[in-house]
Amino acid sequence: MPAPLNVIVAYVLDVLFGDPEVRWHPVRLIGDLALLAERLFFRWGVLGGLLALLWTTVLFTGAVCGLARLVPPLEAVFLYFFVASRALAASAERVGEALREGNLPRARRLLSFIVGRETKDLSPSECVRAAVETVAENFTDAFVGPLFWYLVGGLPLAAVYKCVETLDSMFGYRTERYRRFGFFPARADDLMNFLPARLAGLFLAIAAGVTGLSWKRALRTMWRDARRHDSPNSGFTEAAMAGALGIELGGPVVYHGKRFEKGRFGK
């Protein structure tokens with residue numbers, strides 16, 4: 001099928017069925033390959049991270065593209081597995097439901113499935129902030145990014161993007177353990193998300209206008225605050241979301257027992 005039609009099919013499947021929780025999910029295969037690569041190459045530090053990235057990307061992309069060549073309809077199916085907009089929204093909504101019920105422990109536990117920060121001590125307002133931030137940030141990873149690279153370079157680039165994004169989510173932390181090993185996965189993710197993140201911020205501003213929120217404030221906040229984020233990309237969607245909703249995002253977070261101060265967006 002032509003690329004635009006595959007995008008439509010993948011999007012419709014995601015809207016109808018969400019992200020299926022199956023053991024043979026392609027993104028789980030990326031994770032399995034990455035964990036094996038970590039065991040093989042971790043002791044080599046920065047070079048090991050590069051080898052892990054190359055190992056995972058070559059094996060996964062080769063397998064996916066080989067299968068899609070043998071069975072062409074699988075191309076749209078693989079693209080469907082690479083996007084997860086419905087699952088992202090549903091996960092955040094479950095956190096909101098728990099908070100509305102007054103069940104803070106459940107909200108923290110549900111939140112821990114979709115954020116990298118520690119959630120055990122978060123207040124209700126901090127849970128809300130974390131959920132909104134992860135929806136904003138992952139709008140790029142879970143939707144705009146894979147579709148952007150698919151339209152640019154077909155299934156191979158979409159698969160490469162998903163490998164890079166997954167390894168960054170696993171190893172791209174500035175902790176003592178992953179500071180060196182996660183260097184190349186994090187930098188590759190920065191590079192591949194440079195354009196998608198900015199497009200995603202623009203799409204959030206458009207969505208704000210369509211839904212009756214302030215698209216002007218979303219754009220203004222994105223332009224003003226995006227570079228306050230320590231990531232060269234994530235600030236664009238978080239700042240656009242903060243402006244659209246008229247709230248402040250960012251501030252202190254805890255990763256692996258260590259407190260970090262994120263930039264603040266909005267207000």
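The values are calculated or read from the model by the stated rules, or taken from the named source; none is laboratory data. As the structure is a computational prediction, the values presented were derived from the model and not from experiment. With ideal geometry, Cβ positions are generated from the backbone for all residues, glycine too; neighbour counts draw on all protein chains shown. What goes into the accessible areas is simple: the full protein's heavy atoms, side chains included, and nothing from ligands, DNA or RNA. Shrake-Rupley method; radii C 1.70, N 1.55, O 1.52, S 1.80 Å.
The table below gives the values:
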quantity: Any hit, the stretch 212-222, residues being part of a loop (DSSP other than H, G, I, E, B) and either in contact with a Lys or Arg (Cβ under 9 Å, 6 or more places away or on another chain) or crowded, with 24+ Cβ neighbours inside 10 Å (or both); calculated: yes
quantity: Selection within the stretch 234-262 - buried (at least 24 other Cβ atoms within 10 Å of the Cβ) and either under 14 Å from A131 (Cα atoms) or at pLDDT 95 or above (or both); calculated: F236, T237, E238, A239, A240, M241, A242, G243, A244, L249
quantity: Candidate set from the stretch 60-82 (those that are open to solvent by 80 Å² or more (accessible area, probe 1.4 Å) and free of Cβ contacts under 8 Å to residues at least 40 places away in the same chain); member that is nearest to A3 (Cα to Cα); calculated: R69
quantity: In the stretch 178-197, the residues that are farther than 17 Å from L36 by Cα, assigned to a loop (DSSP other than H, G, I, E, B) and open to solvent by 30 Å² or more (accessible area, probe 1.4 Å); calculated: R179, R180
quantity: Candidates V115, V128, V135 - the one that is of a type in the set (A, V, I, L, M), within 22 Å of P196 (Cβ to Cβ) and free of Cβ contacts under 8 Å to residues at least 40 places away in the same chain; calculated: V115
quantity: Options T119, T175: the member that is at negative phi, touching a His at 6+ places or on another chain (Cβ under 7 Å), at pLDDT below 95 and outside any helix (DSSP H, G or I); calculated: T175
quantity: F265 being open to solvent by 30 Å² or more (accessible area, probe 1.4 Å) and among the aromatic types (F, W, Y); calculated: no
quantity: First in the stretch 216-227 and under 7 Å from G243 (Cβ atoms), second anywhere and outside any helix (DSSP H, G or I), Cβ under 6 Å, 6 or more apart; calculated: T221/G266
